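Asker: Below you'll find the structure I mean.
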Amino acid sequence: MKKRILRYLIHVFGTLSVLLIVGVITLVSLNGTFDFGDNPLKLNLEKEGPYVFYETDSTLNVNYIKGNKTDGFYLDQKEYAINEDIPTSCYFPLDGSTFNFTLNSNFEIPNSTYSDNEPILAISDIESGYKTFRDFLINSKVIDKNLNWTFGKGHLVLVGDFVDRGFSTTQVLWFIYKLEQEAKKQGGYVHFIIGNHELYNFQGKFESASYKYSGVASILGKQHHNLYDENSFIGKWMTSKNTLELINGHLFAHGGIHPDFANYDISIDQVNQINRNNYRQAYFPKPEESVEQLILSNKNGICWYRGYFNDDLSQEDVAKGIDKFNAKAIVVGHTLQWNVNKLYNGKVFAIDVKHPKDYSKHWPFKKSEGLLITEGNYFQVLTNGDKKQL
């Protein structure tokens with residue numbers, strides 16, 4: 001009897017061990033992680049904000065959340081004239097830090113093309129990780145420890161999906177806004193390229209958003225989609241951005257360029273305007289083929305395309321879309337990689353890596369990476385600022 005029980009236990013242990021090994025191999029092969037150790041500060045709403053809304057054509061309402069779950073929440077609200085510079089700040093609960101910036105309602109649609117031979121640092125898919133984003137920029141010498149811009153006339157390119165899947169969406173977006181203002185003063189640029197998760201938020205799709213923001217919206221007396229709608233300051237600012245840019249001969253898009261773009265007479269400006277006109281409209285395919293359908297498609301469109309990784313493309317196929325816009329190469333996010341790397345003989349640079357989360361730990365441990373383009377060379381930029389030439 002004892003031998004039978006022992007054999008049974010050995011069998012069970014062996015089966016569980018095999019399942020564990022298979023699970024770990026599957027997790028690692030899919031570049032996935034196991035998250036654990038959530039920090040309760042992720043739901044701290046004291047000083048959360050600012051949440052800024054257009055009250056009338058001439059006034060802005062600036063809101064900060066105050067209080068806690070035990071004593072209740074309330075709003076610190078102030079109204080300002082829309083044409084004045086408004087001093088604001090954003091608080092990050094994890095380390096108790098704050099950064100300051102000034103609101104200005106004069107949004108300008110960015111250019112689609114830049115040519116100045118200044119260095120480019122690109123990073124993508126931060127997914128609401130403020131600390132990860134901030135620390136990477138410090139180590140890469142884009143900003144100093146006081147969060148001041150130190151990249152001179154360089155280009156910081158954010159290749160989409162900076163929202164969702166985390167608890168620091170508000171901090172990330174205002175940080176981008178702050179950096180954009182500071183870079184401009186020194187002749188530099190912050191390029192916020194729209195990805196599919198930004199589109200989700202424009203269109204009221206919040207399956208990937210943290211439940212924290214449903215609570216935030218309720219405290220504000222609004223619904224989740226109001227956080228980024230036409231009356232939201234930050235929503236209006238985000239919808240001024242592009243989905244495709246050509247910077248010093250390199251295309252930047254969250255998804256990529258389908259080879260069929262070569263069949264149409266279309267400019268980068270026109271691509272961006274078609275996308276911008278439809279940011280708040282969910283895509284549904286139509287029977288007829290057109291360049292608009294291709295641009296907006298949630299399979300082959302600029303913000304969605306995964307063909308460089310999932311389709312059996314030839315070097316010629318890949319070059320078609322890139323050559324269409326007279327580019328040397330394209331830099332994309334959207335499709336997860338082990339590391340920043342170059343594909344198709346340097347025609348495609350894939351930079352979506354699994355970044356650490358602000359409020360949780362994960363295994364296997366991941367580290368942020370980016371891509372530096374300078375003086376005709378390409379470097380994988382590691383989380384500590386070290387560089388490896390590609």
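We did not get these values from a lab; they are worked out from the coordinates using the rules stated. Remember, it's a predicted structure, so these values are computed and weren't measured experimentally. Glycine gets a Cβ as well: all are built from the backbone with ideal geometry, and neighbour counts include every protein chain shown.
Asker: Can you compute the FRET efficiency between GLN203 and ASN377 using 1/(1 + (r/R0)^6), with r the Cβ-Cβ distance and R0 = 51 Å? Round to the nearest 0.05. Let's see the in-between values first.
Answerer: Values: r = 39 Å, r/R0 = 0.77.
The value I calculate is 0.85.
Asker: Another question, if that's okay. Give the relative contact order (percent, whole number) for the stretch 111-389; include only Cα pairs under 8 Å separated by 6+ residues. Intermediate results must be reported in sequence, preceding the final value.
Answerer: Working: 575 pairs, mean separation 62.3, N = 279.
Computed value for the stretch 111-389: 22 percent relative contact order.
Asker: Give me the number: length gained by fully extending LEU94 to LYS388, i.e. 0.36 nm times residue separation minus the C-alpha to C-alpha distance, one decimal in nm. Spell out each step's value before the answer.
Answerer: Numbers: separation 294, 0.36 × 294 = 105.84 nm, distance 3.11 nm.
Taking LEU94 through LYS388 to full extension adds about 102.7 nm, to one decimal.
Asker: Something else about it: Between VAL291 and SER58, what is the label-to-label distance in nm when each label sits 7 Å out along the Cα-to-Cβ direction?
Answerer: Here the modelled spin labels are 4.3 nm apart.
Asker: Taking the Cα atoms of the stretch 260-390, what is the range of coordinates along each of the three principal axes, in descending order and whole Å?
Answerer: Principal axes ranked by extent give 48, 36, 28 Å for the Cα atoms.
Asker: Compute, for the chain, the length of the dipole vector about the Cα centre, with Cβ point charges of +1 (Lys, Arg) and -1 (Asp, Glu) only. Units Debye, rounded to 20.
Answerer: On the way: 40 positive and 44 negative charges, 401 e Å.
Dipole of the chain, to the nearest 20 debye: 1920 debye.
Asker: Here's another thing I want to ask about it. Evaluate the Kirkwood expression for the hydrodynamic radius of the stretch 148-210, namely the inverse of the mean inverse distance over all pairs of different C-alpha atoms, and round to one decimal in Å. Don't jump to the answer; show the numbers that get you there.
Answerer: Numbers: mean 1/r = 0.0799 Å⁻¹.
Roughly 12.5 Å, rounded to one decimal.
Asker: Roughly what would the spin-label model give for THR70 and ASN310, points 7 Å off Cα along C-beta, in nm?
Answerer: Roughly 4.8 nm, to one decimal.
Asker: Which residues does the label zone of ASN139 cover in the stretch 94-126, counting backbone N under 17 Å from a point 7 Å along Cα→Cβ?
Answerer: 121-126
Asker: Could you rank the peptides 251-260, 326-335, 206-215 by their average count of other C-beta atoms within 10 Å per residue, with the highest value first?
Answerer: Values: 251-260: 25.8, 326-335: 22.2, 206-215: 16.3.
Descending packing order for the listed peptides: 251-260, 326-335, 206-215.
Asker: Give the percent of DSSP beta bridges with both residues in the chain that are antiparallel, rounded to the nearest 5.
Answerer: Working: 45 of 63 bridges.
Within the chain, antiparallel bridges account for around 70 percent of the total.
Asker: How big is D, in µm² s⁻¹, for the stretch 111-389 by Stokes-Einstein at 4 °C and 1.567 mPa s if Rh is the Kirkwood radius over C-alpha pairs?
Answerer: Details: Rh = 19.0 Å.
The diffusion coefficient I find is 68 µm²/s.
Asker: By count of other Cβ within 10 Å, fewest leading, how are HIS250, HIS225 ordered?
Answerer: Details: HIS250 22, HIS225 17.
Least to most surrounded, the residues fall as HIS225, HIS250.
Asker: Please give the contour-minus-distance gain from SER360 to SER115: 0.36 nm per residue of separation, less the Cα-Cα distance, rounded to one decimal in nm.
Answerer: Values: separation 245, 0.36 × 245 = 88.20 nm, distance 4.03 nm.
Gain on stretching SER360 to SER115: 84.2 nm.
Asker: Can you work out the PRE-style zone for ASN326? Point 7 Å along Cα to Cβ, and I want the residues of the stretch 281-297 with backbone N under 12 Å.
Answerer: Counting only backbone N, you get no residues.
Asker: Measuring from label point to label point, each 7 Å out along Cα→Cβ, what is the ASN345 to ASP38 span in nm?
Answerer: Label-label distance for ASN345 and ASP38, simple model: 5.0 nm.
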